[in-house]
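Take a look at the structure set out below.
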Amino acid sequence: MFTTLISTADLAARLGKPGLVLIDCRFSLSDTEAGRRAYREGHIPGALYAHLDEDLCAPVIPGKTGRHPLPSVGEAAAVFSRWGIGPGVQVVGYDDMSGAMAARLWWMLRWLGHDAAAVLDGGWQAWLGAGLPVDTAAPQPRSAEFTPRPRPELLIDADGVDEIRKLPAYRLVDSRDPIRYRGEEEPIDPVAGHIPGALNFPHNLNVDGSGRWLSPEALRRQFREALGDTDAGRTAFYCGSGVTACRNILAYKQAGLGDALLYPGSWSEWITNPQREVASGEGGRHGA
């Protein structure tokens, strides 16, 4: 069972065998149909397509939710059932952003109790680079019964974030680029800055220049240097809308540090309430 990452070689050896569900998660925030077009032009054989907005999110409620709210347990379970994810099924997600989108699928499956979920190391580019087969046929999924076993302990809401950001024993981590964290530039959301008390650990630090994930030892060293020895249950990640923060949570798990928390609403939800504080500049609490 693969529970964090899977190599192209390991996936290729399992392609076409029973008990594998492969999900193409390619998606672009700037062109929400780009991923679906790319899938139609070519994908890993047997892969189904997951559209971030349609399959891995609930509808946005303006002024209340973030840009990519989590679906309900029932809605997510219905999607997973339609894709054929049942007991004992190994799920593998991939994208063309080194797991930045596929990690959302990975996290949602773990949230609902399905641990046999992994992200393809290196993603689509690594698959192509290895000269492995590509297909354009859209397979017909075999439905299954996905039985959710929710793990609410993996979540933290805005009120919880507002509490822990003031407590020295906790770490609240902003996963966005430093320029957005500091509030110098905000290309997506109407308010710039970060949640006061949060420190910055950009999610792209988890991969090398080729898009491959760093070793568990390197990941662990990075997190310990940035966050100290805080327990996983007291470490919460957020980003712009609760998607790329999952990449940090996957890296944290791959590093052997446990299951950190996700604030699903993230920055785009935080700023819907004008009473919530906003910070800019470096800020944050560093070290142990």
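Taking the criterion of being of a type in the set (Asp, Glu) and assigned to a helix (DSSP H, G or I), would at least one residue in the stretch 208-215 satisfy it?
No, the stretch 208-215 contains no residue that is of a type in the set (Asp, Glu) and assigned to a helix (DSSP H, G or I).
Answer yes or no: is there a residue in the stretch 64-86 that is closer than 29 Å to Gly16 by Cβ, among the aromatic types (Phe, Trp, Tyr) and out of contact with any His (no Cβ under 9 Å at 6 or more places or on another chain).
Yes, there is a match, as at least one residue in the stretch 64-86 is closer than 29 Å to Gly16 by Cβ, among the aromatic types (Phe, Trp, Tyr) and out of contact with any His (no Cβ under 9 Å at 6 or more places or on another chain).
Any residue in the stretch 61-86 that is surrounded by fewer than 18 Cβ atoms within 10 Å (Cβ to Cβ) sitting within a Cβ distance under 7 Å of a residue that is hydroxyl-bearing (Ser, Thr, Tyr)? List the pairs, counting only those 6 or more apart or interchain.
As it stands, the answer is Gly63/Thr272; Lys64/Thr272; Ser81/Ser143; Arg82/Ser143, since those pairs meet every condition given.
Scan (1) surrounded by fewer than 17 Cβ atoms within 10 Å (Cβ to Cβ); (2) under 20 Å from Ser280 (Cα atoms); (3) among the basic types (Lys, Arg) for the single condition Arg149 breaks and write down its number.
If we test Arg149 against (1) surrounded by fewer than 17 Cβ atoms within 10 Å (Cβ to Cβ); (2) under 20 Å from Ser280 (Cα atoms); (3) among the basic types (Lys, Arg), just (2) comes out false.
Laboratory data are not the source of any read-out in this text; all were calculated from the coordinates shown. Since we're looking at a predicted model, the values are computed, not measured. With ideal geometry, Cβ positions are generated from the backbone for all residues, glycine too; neighbour counts draw on all protein chains shown.
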